[in-house]
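The values are calculated or read from the model by the stated rules, or taken from the named source; none is laboratory data. Owing to the predicted nature of the structure, the values given are computational and were not obtained by experimental measurement. Cβ placement follows ideal geometry from the backbone for every residue including glycine, while neighbour counts extend to all protein chains displayed. In case anyone asks, the SASA skips ligands and DNA or RNA and just uses the protein heavy atoms, side chains included. Shrake-Rupley method; radii C 1.70, N 1.55, O 1.52, S 1.80 Å.
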Amino acid sequence: MPIERSAIAGSAALRGALWITLIALLTTSVALTVQYVQTTRLLQERTRALVDDEAASLLARYQAAGIGGVAGAIRRAESLPRINEFFYLLASPGGEPLVGNLAGWPEEIDRSGYHSFSTQVASTGTGWRERSVEARAVILPGGFRLLVGNLSDEQKALQERYLSALVWSLLATGALGLALGFWYSRRGLAFVDQASSAGERFLRGNLAERLPVSGRGDEYDRLGETINRTFAETERLVGSLRAATEGLAHDLKTPLTRIRARLDLAELQASDEQRLRTAMAESREDIESILRLIADVLGLARAEATAAASFVPVQFDALVAEAAELFEPVAEERGVRLETDLAPVRLSGARALLAQTATNLIDNAIKYTPPGGVVRVELHRTAEAARFVVTDEGPGIPEAQREIALQRFARLDASRSEPGSGLGLSIVAAAARVHRATLRLGDNQPGLRVEVIFPIGRAETLS
Amino acid sequence: MKLLLVEDDEQTADYLKRGLGELGHSCDHVANGVDGLTAALSGGHDAIILDRNLPQLDGLAVLTALRAQGNRTPVLVLSALSEVDHKVEGLRAGGDDYLAKPFSFQELFARLEAIVRRRGGDTAPRTQLQVGSLTLDLLGRTASRKGRRIELHNKEFQLLEYLMRHAGQVVTRTMLTEAIWDYSFNPGTNVIDVHVSRLRGKIDAPEEPSLISTIRGAGYRLDAD
């Protein structure tokens, strides 16, 4: 059952867009997260370095002047306006605050090291505010606790910013990704869509259908060209099949009509035995010609289906010589001179087809050459090719009709009366195709010159 | 002759039975491979006409089984597949000759007669063939009639040899193209006729009766004078 075409294209484009969006979302999230982690780490390290410096100077005071020295230093620091505002707290081993600008020892800090916590800080104008603090706790000898901290609001702000940035970025990426992705996928799929519509129109019988090729030489163009070649070959085959069927029907109809007429007549004259016998004999001849035609049609089908896998080495000149010898008496009877000039040629091919190529061409040449004329059969050999040439001195084929002459059942009007199924040249053409040879019809001035040029591979060159 | 016909197509079978009957030969007919093999093995036939495409058991399988049992009855294989390689398969499986459909009755009968004769005739290698006044020396590759020496080309010699080996039988044009020229196709309208008439001109002196007669619609027959 055919599926609605636009539905396939639509869903494929949507799938493509979704994939693109998903990839973009992941990339954005990862990028933002990495950036966030790096930045917060940097800020934290900076705050800790500041806190460390301050703590180190207090510890130095302790070394020099003991607890009293530390308390003094803290009081002094509190009273001085500074760019970096520090939090200090010196507490007893039990946690009772002794000196400092923090109201009490934060409950969550129970050992030395770095800690983050938040606390209420008085600020000008707005009263109390919750602020984040990055602090270092030190346990002094004797159990006294020292806490030095600095405001680290940037980290919290950054976290909030990050979250909102993430949400907005993802929203934007999602929307853009979907839109661009859909557009991009549609663009690629437009070709697929075009190809499938063209294919459907082709199937419905419009054999002249072709796909547009942009000329950019990209993958789409290559695919388009392949599809176009397939269409063209199919059109050619359908055309030749149609012509063949019409030709075959015509060629069968003529003798069959004659047979029926003769039978009708014989029925009327059934008492005359001599007439009956004549009718039978004539009908038999017509039937023979029909059987020959059928044998030729089968032969052509067989020729076309010959696979290169069945090829064997063939001494082609011997094959041609034998064919010429076979036709020698026929030529003589007709008063035609048959001349041969054959260079040794070894080919890889189908023996029966090559033999038939030779006999068909020689048979035709003798048939069309008037008495007193010459038929030449030649086989030449170059480094890359073997050239099989048969020339006659008959009427030849006008250049415009040579293409038609190679089609099945083509009997050009001038020769309609000649015997034969009209398949001889078609079989030669099929044999040439199977052997990758080139078949050329030319002018012998006067007469027809048929050339079959076989390419010769390395293997044959050696022998 | 008593013949066995193994053919599943009723029309072909009827036509062959009628034709063979009119020539005075009796013909048993079976329509599938299994019955065909049973009938063939029961023996008593002078020749078997075996279709390749049969229900139950394929013609080639029947033939292979028959030969495996040591049965040497001459077999003519019929087939709708006119492929050369199918022919080779048929002969390799033990067939004596192979005929592609469509065929004429004369063609079938000529081939049938030829394979039955071939089996019946002495198989000892001969150096000379003799038909009436005509002598063919197979070693010296020469022919003579009533002491008159006849010059023959290679193909003419082969043609005459084939006709003499089948003396008294009808030989078709296709049989000649296959045997002498080894062509599996029809080489041209009247090529064989021209060769035979040329041969006739060589072996018949003006006052002598013609040994090779043309059988209308069938082929040729060489008879003793």
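A single entry from A:Ala323, A:Ala309, A:Ala301 fulfils the requirement of being within 11 Å of chain B (Cβ to nearest Cβ) and modelled with pLDDT under 85: A:Ala301.
Residue pairs whose Cβ atoms lie under 6 Å apart, separated by 6 or more positions or on different chains, with the first residue in the range A:431-459 and touching a residue at least 40 places away in the same chain (Cβ under 8 Å) and the second surrounded by fewer than 19 Cβ atoms within 10 Å (Cβ to Cβ) and β-branched (Val, Ile, Thr), are A:Ile453/A:Thr438.
Among strands (runs of 3 or more DSSP E) lying entirely in the range A:272-364, which contain 2 or more residues that are touching a Pro at 6+ places or on another chain (Cβ under 8 Å) and not assigned by TED's automatic domain parsing to the domain that holds A:Leu256? Before you say what the answer is, go through the steps one by one.
Working: elements: A:312-315, A:337-342, A:346-349.
Those strands (runs of 3 or more DSSP E) span A:346-349.
Of everything in the range B:192-214, what is touching a Pro at 6+ places or on another chain (Cβ under 8 Å) and either free of Cβ contacts under 8 Å to residues at least 12 places away in the same chain or of a type in the set (Val, Ile, Thr) (or both)? Give them in sequence order. Show your work before the answer.
Pass one, the range B:192-214, residues touching a Pro at 6+ places or on another chain (Cβ under 8 Å): B:194-195, B:198.
Hit for the range B:192-214 is B:Val194, nothing else.
If only one of B:Val116, B:Val131, B:Val171 is open to solvent by 30 Å² or more (accessible area, probe 1.4 Å) and of a type in the set (A, V, I, L, M), which one is it?
Values: B:Val131 fails: open to solvent by 30 Å² or more (accessible area, probe 1.4 Å); B:Val171 fails: open to solvent by 30 Å² or more (accessible area, probe 1.4 Å).
Sole residue among the options that is open to solvent by 30 Å² or more (accessible area, probe 1.4 Å) and of a type in the set (A, V, I, L, M): B:Val116.
Regarding B:Phe157, is this residue open to solvent by 20 Å² or more (accessible area, probe 1.4 Å) and aromatic (Phe, Trp, Tyr)? Against the criterion (open to solvent by 20 Å² or more (accessible area, probe 1.4 Å) and aromatic (Phe, Trp, Tyr)), B:Phe157 does not qualify. Does B:Val191 satisfy the condition of being under 16 Å from A:Thr359 (Cα atoms), open to solvent by less than 10 Å² (accessible area, probe 1.4 Å) and either in the same structural domain as B:Gln106 (by TED's automatic domain parsing) or not charged (D, E, K, R) (or both)? Taking the combined requirement at face value, the residue satisfies it.
So which of A:Ala400, A:Ala385 is modelled with pLDDT under 90 and over 26 Å from A:Leu298 (Cα atoms)?
Details: A:Ala385 fails: modelled with pLDDT under 90.
The conditions single out A:Ala400.
Might you let me know whether the range A:387-402 holds any residue that is closer than 20 Å to B:His195 by Cα and in a helix (DSSP H, G or I)? Break it down stepwise before answering.
Residues of the range A:387-402 closer than 20 Å to B:His195 by Cα: none.
Scanning the range A:387-402, I find no residue that is closer than 20 Å to B:His195 by Cα and in a helix (DSSP H, G or I), so the answer is no.
The strands (runs of 3 or more DSSP E) located wholly in the range A:69-188 that include 1 or more residues which are among the hydroxyl-bearing types (Ser, Thr, Tyr) and without any contact (Cβ under 8 Å) to a residue 60 or more places away in the chain occupy A:113-123, A:127-139. Criterion applied to A:Val133, A:Val167, A:Val192, A:Val213 was being of a type in the set (Val, Ile, Thr) and in contact with a strand residue (DSSP E or B) (Cβ under 7 Å, 6 or more places away or on another chain), and the one residue passing it is A:Val133.
For the range B:121-225, which helices (runs of 4 or more DSSP H) that fit wholly inside it have 3 or more residues that are of a type in the set (D, E, K, R), more than 17 Å from the chain's Cα centre (by Cα) and within 12 Å of chain A (Cβ to nearest Cβ)?
Values: elements: B:154-165, B:173-176, B:191-203.
By residue number, B:191-203.
Based on what the data block shows, is B:Ser79 among the hydroxyl-bearing types (Ser, Thr, Tyr) and out of contact with any His (no Cβ under 9 Å at 6 or more places or on another chain)?
Numbers: among the hydroxyl-bearing types (Ser, Thr, Tyr): yes; out of contact with any His (no Cβ under 9 Å at 6 or more places or on another chain): no.
In short, no.
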